[in-house]
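> First the structure, which I've put down as structure tokens, then a few questions once you've had a look.
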């Protein structure tokens, strides 16, 4: 099930964020304020999912791999928004 949710997160990250927010405690304790998840949902959903995944799966420890995937998530978030705006 987590694999399917992860794959769905690549294609519909806002849907996965909503599911996690409603049916789990995934974002509990990851952010100090509620503003960051809301901003992440609106502007950088893949980045929000990866940041929270690092907090849960890697205990918040950022190594080279985590930074590389974070940069890729940001680029995907920014690239997806630009391609949809140019259509």
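> Does segment 61-80 hold any residues that are surrounded by 13 or more Cβ atoms within 10 Å (Cβ to Cβ) and under 21 Å from residue 26 (Cα atoms), and which are they?
Listed by number, the residues that qualify are 66, 69, 70, 73, 74, 77.
> Condition (residue is in a helix (DSSP H, G or I), modelled with pLDDT under 90 and at negative phi) applied to segment 22-36: is it met by at least one residue?
There is at least one residue in segment 22-36 that is in a helix (DSSP H, G or I), modelled with pLDDT under 90 and at negative phi.
> Taking residue 67 and the conditions (1) modelled with pLDDT of 90 or more; (2) under 16 Å from residue 13 (Cβ atoms), which numbered condition does it fall short on, given that it satisfies the others?
Checking residue 67 against (1) modelled with pLDDT of 90 or more; (2) under 16 Å from residue 13 (Cβ atoms), the one that fails is (2).
> Could I ask something else about it? Would you confirm whether any residue within segment 22-38 is in contact with a helix residue (DSSP H, G or I) (Cβ under 6 Å, 6 or more places away or on another chain) and within 23 Å of residue 79 (Cβ to Cβ)?
Checked segment 22-38: no residue is in contact with a helix residue (DSSP H, G or I) (Cβ under 6 Å, 6 or more places away or on another chain) and within 23 Å of residue 79 (Cβ to Cβ).
The values are calculated or read from the model by the stated rules, or taken from the named source; none is laboratory data. All figures in this text were calculated on a predicted structure; none of them were measured in a lab. Backbone-built Cβ (ideal geometry, glycine too); neighbour counts: all protein chains shown.
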